[in-house]
Amino acid sequence: MKHAAAAPLGRIVALRIMLFAALAMLTQLVAVLVEYGSDPEYLSLLALEQETDVLALGLSVQGNHLSYQLPDAHAARYGTEDSGYVARVRTANGVVLFSHCDAACTEHFLPLDLNPPSVWLRVLTPGYPLSFAGGRIIEKEGQRIFFEIAVERDTQHVVWEVLADEVLDHMILPMSLTLIFVLGATLLSVRSALRPVTAAAEQAEELDPLSPDARIEEAGMPREIAQLAGAVNRSYARTRELMAAQKLFTSAIAHEIRTPLAIIRLELERIDHPAARRATAELDELSHFAEQLVTLARLEALDRSGFQPVALDDLGRDIVGTMAPFVYSHGASIAFEGSDNPTLPGNAALLKDAVRNLIENAVRHSGPGIAIVVRTDDGPGLSVSDDGTGFVPSRPGDAPGHYKRAGGLGIGLEIVRRIAALHGGRLELERVEPHGTRARLIFAPAPSVTPDR
Amino acid sequence: MRLLLVEDSARLRELVGETIRAAGWRLDAVGTVAEGEDALAATSYDLVLLDLGLPDGDGLDLLRALRRRKDSTPVLALTARGAVDERIAGLDAGADDYLPKPFNNGELLARARALLRRAPLSADPVLEAGALRYDPATHDVRCGEEILALAPRERAALEILMRNVGRVTAKRGLEEKLSEFDEEMSPNAIEVVLSRLRRRLAPYETGTAIETVRGVGYLLRELDA
């Protein structure tokens, strides 16, 4: 039953959406790379735009006075010799503001006396790596400035910068925005769809399934969840039916069988014949068995609610006093030896039933004239010992299931065992030297409980 | 002595009725809760024998109604032994004792006698156990026709045991009650008193035995005839 609780539905959905979004982005990325990669001329144009945009940052205008300072970002590219990149900045009428030129300038750039077009591009060698020359007019404060660059060897991978920029601008940014909105909307819907489920779960947690009006309210739930709640309600109803059937069964035995048994018992007493005495003895066995069946059936329905501190010495003394008339009338004797009155949380009536069963077993199965001693110990435990022939195992340490000597013994010990288990304890049976049996109930130590004195 | 039996089985009513009448008591027997309530309203009984499972209701409801009226008539519930919740419910409802079904006539009479003796205005104050008779008015202890000579402490101890015949009398309870008669009594002194009492009774055919339930107390029980 105990699985680690799964992650909340919101997180599962969010993770899935993010996974699929990542896949979509990856696909898109591949598509973009393929598309751009198949058109180096367009890439060159983009590279021209990007490079000139950056170069334009170095331009400053003061009135009619123009000055240019190469931006730091491109100092390595356009400020060093033989980098593979050249650039020139000039006005429309041929005044050069900046020049990082070698022979390539005169070879690739437009002549200074030419009034430049707004954009021009020329591919130097087709394909990859990119190699191109081009120029572009950028207007700043009414001044038209002409920027020209030529890339002969793309050693600093301008092409990747361009691609990264494109991917960021046209793919990642818009898709991320979409993702954020989709995620938010989904989580919101999931949460609001789950609100009735959470409420139903809390309601179910509070419910006692056995109380007659135990049901989860289905009204106001989405249809699928209402179906689940309906199924839970039906299983509650079924549990109640089963419990009611069990109660009917046990009370039928308790009341409907006992009265005829009582009548038979009294009728037999009126018959003066040894056969009637034998029948009476058989009837007593039958009554005992029926009673144990009822006890066992009732134990199934019990839990630890309603446990209270039980002082074992007081309980032992009480049950020994109650059982003494029965024990002595069967020719046996009984005594009680207490200890420090260990206390444990439990159901006193059930624990008394367990001890009563052990005493009855000793009287019934350990032979005549035995001496029974009930002891408590600081285990905390409680033992019932006798010095009779006993239902001892042939070998010490036999499994409890092997202690079958007489009818009714098995079920009596099963009752004791279940009561012990309900109290977090167990039953141990062992042979006592030189002869006799000891049955000991051992409970879990309860350090937090202190005896009430 | 007038007893009321509330029991739905007609045959069980007859059988119990014969036993009760044979003991010299009068018995009214009814079969339902309603009839039981009518009978209790009309007549004052010394003891009620009450079955818990009745056709028109729960015997415990009748019992609760009785106790709500501050009626302290002793009630002996005829119920299922081992049925934990029933016993607890019966105790809460105010039953004085329980007799598990099936029972025999001897048990029934013994429990009924014990409850009748407990009644405060009992018309029959003489205590009986086996062949022993104790008259609290005259302090005479007889076995059959013979009067037994007992020391006051022994007689007091016997009286307490006879009031509890068939049940264990806690040693501590015996100590407290005997201390009223006498100086403070130690546990050892109690044992001395009891062993002397046993010796005094030994020559007689009392039909009883005083058992020591070590660690708990003493039990005066009637031996099977």
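Values quoted throughout were computed directly from the atomic coordinates according to the rules given, and no laboratory measurement underlies them. What you see is a predicted model, and the numbers here were worked out from it, not measured in a lab. Note that we place each Cβ from the backbone using ideal geometry, even for glycine, and neighbour counts take in every protein chain shown.
Against chain A, whose longest principal axis comes from its Cα atoms, helix A:9-37 is set at around 30 degrees.
Secondary structure note: in the protein assembly as shown, about 75% of the DSSP beta bridges are antiparallel. With the simple spin-label model, which puts each label point 7 Å out from Cα in the Cβ direction, the A:Leu177 to B:Ser44 separation comes to 9.9 nm.
For A:Asp213, put the label point 7 Å out on the Cα→Cβ axis and report which residues of the range A:233-249 keep their amide N under 18 Å from it. So the set is A:233-234, A:236-237, A:240. Inter-chain Cβ neighbour count for B:102-108, averaged per residue, equals 5 (cutoff 10 Å, partner chain atoms only).
Centre-to-centre separation between the Cα atoms of the range B:56-79 and those of the range A:328-348: 31 Å. The C-alpha atoms of chain A define a longest principal axis, and helix A:409-422 lies at about 40 degrees to it.
Charge dipole (Cα centre; +1 on Lys/Arg Cβ, -1 on Asp/Glu Cβ; no other charges) of the range A:39-156 amounts to roughly 280 debye. The residues packed around A:Phe146, meaning those with a beta-carbon under 11 Å from its beta-carbon, carry a net charge of +2 if Lys and Arg are +1 and Asp and Glu are -1. One Cα centroid belongs to the range B:20-53, the other to the range B:186-223; the line between them spans 37 Å. For the protein assembly as shown, taking a cut-off of 4.7 Å between Cβ atoms, the unpaired cysteines are B:Cys143.
How big is the charge dipole of the range A:304-442 about its Cα centre, in debye rounded to the nearest 20, if each Lys and Arg gets +1 on its Cβ and each Asp and Glu gets -1 on its Cβ? Working shown, then result.
On the way: 15 positive and 16 negative charges, 109 e Å.
Approximately 520 debye in magnitude.
If we count every other residue with Cβ under 10 angstrom of A:Glu428's Cβ, Lys/Arg +1 and Asp/Glu -1, where does the sum land?
Numbers: positive: A:Arg426, A:Arg438, A:Arg440; negative: A:Glu430.
Result for the local shell: +2.
Label-to-label distance for B:Glu18 and A:Glu267 is 1.1 nm, based on points extended 7 Å past Cα in the beta-carbon direction. Remind me, relative contact order of chain A in percent, using alpha carbon pairs under 8 angstrom and six or more residues apart? Here the relative contact order equals 9 percent. Karplus-based coupling profile of the range A:339-355, in residue order and whole Hz: 10, 8, 6, x, 10, 9, x, x, 10, 4, 5, 5, 4, 4, 4, 4, 5, with θ = phi - 60° in 6.51 cos²θ - 1.76 cosθ + 1.60 and x standing for Gly or Pro.
How big is the Cα convex hull of the protein assembly as shown in projection, averaged over all directions, in nm²? Computed as one quarter of the Cα hull surface, the answer is 56.3 nm².
Once you order the gyration tensor axes a ≥ b ≥ c over the Cα atoms, which shape class does the range B:2-118 get: rounded for a/c under 1.5, otherwise prolate or oblate by comparing a/b with b/c? Each step should come with its number before you reach the end.
Values: a/c = 1.27, a/b = 1.12, b/c = 1.13.
Rounded, since a/c falls under 1.5.
Across peptide B:170-176, the average count of Cβ atoms from other chains found within 10 Å of a residue's Cβ is 1.
Note on chain B: GNM, Cα springs under 10 Å; of B:Thr73, B:Thr43, B:Thr206, the largest mean-square fluctuation is that of B:Thr43.
Roughly how big is chain A's charge dipole about its Cα centre, with Cβ charges of +1 (Lys, Arg) and -1 (Asp, Glu), in debye to the nearest 20? Present the calculation step by step, with values, prior to reporting the outcome.
Details: 41 positive and 57 negative charges, 440 e Å.
For this selection, approximately 2120 debye.
Averaging Cα coordinates gives a centre for the range A:45-105 and one for the range A:121-173; these two points are 13 Å apart. Protection proxy ranking of B:207-213, A:45-51, by the mean of other Cβ atoms within 10 Å over each peptide's residues and highest first, is A:45-51, B:207-213.
Considering only the other residues whose Cβ falls under 11 Å of the Cβ of B:Ala131, what net charge follows from Lys and Arg at +1 and Asp and Glu at -1? Kindly include the intermediate steps, with their values, before the conclusion.
Working: positive: B:Arg133, B:Arg142; negative: B:Glu128, B:Glu145, B:Glu146, B:Glu205, B:Glu222.
Result for the local shell: -3.
Among the trypsin sites (Lys or Arg not before Pro) within the range A:128-220, which fall in a DSSP loop and have no more than 13 other Cβ atoms within 10 Å of their own Cβ? Those that pass, being in a loop and sparsely packed, are A:Arg153.
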